[in-house]
1. For region 105-125, which positions are surrounded by fewer than 17 Cβ atoms within 10 Å (Cβ to Cβ) and aliphatic (A, V, I, L, M)?
2. Just to verify a result, which residue in region 25-49, among those that are surrounded by fewer than 20 Cβ atoms within 10 Å (Cβ to Cβ) and touching a His at 6+ places or on another chain (Cβ under 8 Å), is farthest from Met153 (Cα to Cα)?
3. Yes or no: Ile201 touching a Pro at 6+ places or on another chain (Cβ under 7 Å), surrounded by 14 or more Cβ atoms within 10 Å (Cβ to Cβ), at pLDDT 95 or above and within 30 Å of Asp51 (Cβ to Cβ)?
4. Could you list, in sequence order, all residues of region 205-251 that are part of a strand (DSSP E or B) and surrounded by 17 or more Cβ atoms within 10 Å (Cβ to Cβ)?
5. Looking at (1) closer than 20 Å to Leu240 by Cα; (2) modelled with pLDDT of 95 or more; (3) hydrophobic (A, V, I, L, M, F, W, C), which is the only condition Leu86 fails?
6. Does Ala47 fit the bill of being in contact with a Gly (Cβ under 7 Å, 6 or more places away or on another chain) and not basic (Lys, Arg)?
7. Mind listing just one residue for me: the one in region 137-190 that is surrounded by 18 or more Cβ atoms within 10 Å (Cβ to Cβ) and charged (D, E, K, R) and, of those, modelled with the highest pLDDT?
8. Are there strands (runs of 3 or more DSSP E) fully within region 23-106 with at least 3 residues that are in contact with a helix residue (DSSP H, G or I) (Cβ under 6 Å, 6 or more places away or on another chain)? List them.
Amino acid sequence: MKAWLKFALIWLAGALTLAACAKEKWEYVSIGGDFTYAMRWNEAYAAYIEDDLGVEVTLTDVSFHSRKTLGEMLEILQTDMEFRSLVENAEVVTFDVPTESYLGGAEGRYMSEMCGGNDSEECFRIAHARAVKELRAYLDELMKLANPSDTIMRTFLYGTLDAYLAAAFDTELTEEEVRVFTFHADLMNEAIREIATEYNITVIDIAPYFQPNGPGTPASEDFVTRLGFTDKAVLTVADLLREAGYAPLRP
């Protein structure tokens, strides 16, 4: 066999071996508010994807700890070209609606008797209307870049956890405060569920795990302490994402 032909065959065999061993590369963009920023469950979820599908995952974490509203997050998505490109090319996108950015301020005004309205709950209704409007605007923009028909897209419901924690660490809530906070948190979460479903985004419901005794009750210490979220909380979110599967990219 001629030397050049032997070399070509060896090179081809090596190239085929490398190609067979090379892992498919996936981009994962995680977008969220305080809960995502605090827990970093996205790192565990990225590891699950790698283990389950045998792909190599690059995680880009775009989460905020400064109580940004959806309107502020929309501006970032519209103006940050690198961020837009990442979302457009992602195989996986998770999106955490920062309900604490809306409920927290309303709760503070309610407790200070500055909420307004005949029932002293007008500020909650204003916060709710703003959140719904901004969520639709954000998802409209997101859908221009990533489509649930060819991208793994997930969002979350935290139940009344944020409504409870907003004040519980600083003062004991009265029964009436718990009732009001829970009522409006439930309304906001149900709106998120309905809108996400309308946009064909899979909803991951975390509430029953973090508050096993029901809405408006303290979070289980297995999940939340005064120092933050536990490892069990992180893995619970990642586990629920894993259980949701990898459609539409993998059966």
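The values are calculated or read from the model by the stated rules, or taken from the named source; none is laboratory data. Owing to the predicted nature of the structure, the values given are computational and were not obtained by experimental measurement. We place every Cβ from the backbone using ideal geometry, glycine too, and count neighbours over all the protein chains shown.
1. Met114
2. Ranking the qualifying residues of region 25-49, first place goes to Ala38.
3. Numbers: touching a Pro at 6+ places or on another chain (Cβ under 7 Å): yes; surrounded by 14 or more Cβ atoms within 10 Å (Cβ to Cβ): yes; at pLDDT 95 or above: yes; within 30 Å of Asp51 (Cβ to Cβ): yes.
Spelling it out, Ile201 is indeed touching a Pro at 6+ places or on another chain (Cβ under 7 Å), surrounded by 14 or more Cβ atoms within 10 Å (Cβ to Cβ), at pLDDT 95 or above and within 30 Å of Asp51 (Cβ to Cβ).
4. In the first step, residues of region 205-251 are kept if they are part of a strand (DSSP E or B); the result is 205, 224-225, 228-229.
Val224, Phe229 - these are the residues of region 205-251 that are part of a strand (DSSP E or B) and surrounded by 17 or more Cβ atoms within 10 Å (Cβ to Cβ).
5. Condition (1) is where Leu86 drops out.
6. On the way: in contact with a Gly (Cβ under 7 Å, 6 or more places away or on another chain): no; not basic (Lys, Arg): yes.
So Ala47 fails the test.
7. Once the filter is applied, the top-ranked residue is Arg154.
8. Values: elements: 25-32, 56-63, 92-95.
Strands (runs of 3 or more DSSP E) meeting the threshold: 25-32, 56-63.
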